[in-house]
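Here's the structure we're looking at; comments come further down.
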Amino acid sequence: MKPFSINRQRTVVVVAAALLAACAAGWCTASQQAGNSLPAALQRPALKVLRPEQANLMAVVRAGSRLVAAGERGLIIYSDDSGHHWTQAQVPVSVTLTALRFANERDGWAVGNMGAILRSSDGGANWQRVFDGQQAAVLAEQAAQAAWDAGKPDPNDVDHPLNLLLEDAHRLADEGADKPFLDLSLQADGSVLVVGAYGLAYSSADGGKTWQALMEQLPNANGATYYGIAERQQEQYLFGEQGVLLRATTPGARFAAQPSPASGSLFGGLATRQGTLLLYGLRGKVYRSTQAGAAWSEVQTPVDAALVAGLQLADDSVLLLGSAGQIVASKDQGLTFTALPLKTRFPFTSATIAPNGTLIITGTRGLLRLHTASLAAADAAPVITSRAAKP
């Protein structure tokens, strides 16, 4: 993933403030292409890969009985035989793709670097670009200009907030389509929510034809990066950098800032079928909430590397995967965890269960297939329990 400079956070915070003023001026949605100077990676289709199952892959999901995985340089692959054989999809971009979601067996979405948002209507075999970082920058620049036009500050007052606002928005646009999206959620009403670096958030209610900037609606004053979205029944959470945590209590409700149990970054979230919500991130930290509004408990795990992905198996056990190639398992809804012994380890990024019950894991070395029956924890693995999270 492309590294992000710290000074860009200030730019996005300023632009987010501009969007609040711009909504009144009618600049909160965008459907047009953002000029003709798109970077080559947003116009160049993904190149054919000889062994795509060995490439750096960032995400894998189910689309009905099909498996779909995505990763570096626009690579998307799919399998109709539980991961034994893979076919490369037709993708119109060659940027790294970071997340996938499917509403059903046919309708899917992918997001990634340079603000790329893709859509598929055939189960992931073919994709179309519906939004990009340059459009996102245009939206922000238009908002800043609208705010400046409304305030009409002295252009010679270089320290006036509106002059700084417009200057930063122009710079954001000049830098081009370098806005990484990191996760997305498909809403019950058919809309899609996309989040990413610097607190960026956009939504579309019409299948990607038009987009709305949401930064002005989200209480994230420092422009912290959103690493993911978690959903539990009617609740929805945004989480990310330095433990930022936002919650919407019902679909369509505004997000409100929440006291975070974490001081470090949160990289993933998992809601179990029984209603427990687990958030996890740096240094093997896990935080557990048993129901809506319940306090968070910090759960100790036998790993100290970042936990980045999770899933629940058919037997209701929970697996969390680490960036250093570890897997920790819980048979009690995340109350205690044990480490699983693995012969093959590399940095993991995502996981899902194939139709035949095989565990499919993605990472920097491609795909790993494990039979869930072989995932018995080592007898000597320590049992680690939970405690109340620090306020």
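The values are calculated or read from the model by the stated rules, or taken from the named source; none is laboratory data. In this text the structure is predicted, and so the values were computed from the model without any measurement. Neighbour counts are summed over all protein chains in view; Cβ atoms, including those assigned to glycine, are modelled from backbone coordinates with ideal geometry.
Listed values, structure above:
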| quantity | calculated |
| --- | --- |
| When residues of region 59-74 are limited to those that are crowded, with 24+ Cβ neighbours inside 10 Å and touching a helix residue (DSSP H, G or I) at 6+ places or on another chain (Cβ under 9 Å), the one farthest from LEU367 (Cα to Cα) | GLY74 |
| Selection within region 308-364 - of a type in the set (Phe, Trp, Tyr) and touching a residue at least 40 places away in the same chain (Cβ under 8 Å) | PHE337, PHE348 |
| Unique residue being at positive phi, among the small types (Gly, Ala, Ser) and part of a loop (DSSP other than H, G, I, E, B) when the list is SER82, SER94 | SER82 |
| Hey, VAL138 of a type outside the set (S, T, N, Q), touching a residue at least 24 places away in the same chain (Cβ under 8 Å) and within 30 Å of GLN234 (Cα to Cα) or not | no |
| Residue count for region 234-260, restricted to those that are of a type in the set (Asp, Glu) and not in a helix (DSSP H, G or I) | 1 |
| Filter result for the condition that a residue is closer than 27 Å to ALA271 by Cα and surrounded by fewer than 23 Cβ atoms within 10 Å (Cβ to Cβ), over GLY240, GLY190, GLY176 | GLY190 |
| Whichever residue in region 288-315 is surrounded by fewer than 22 Cβ atoms within 10 Å (Cβ to Cβ) and among the charged types (D, E, K, R) and, among such residues, is nearest to LEU182 (Cα to Cα) | ASP304 |
| Filtered residues of region 336-376 (kept if of a type in the set (A, V, I, L, M), at pLDDT below 95 and either assigned to a loop (DSSP other than H, G, I, E, B) or surrounded by fewer than 17 Cβ atoms within 10 Å (Cβ to Cβ) (or both)) | LEU340, LEU342, ALA373, LEU375, ALA376 |
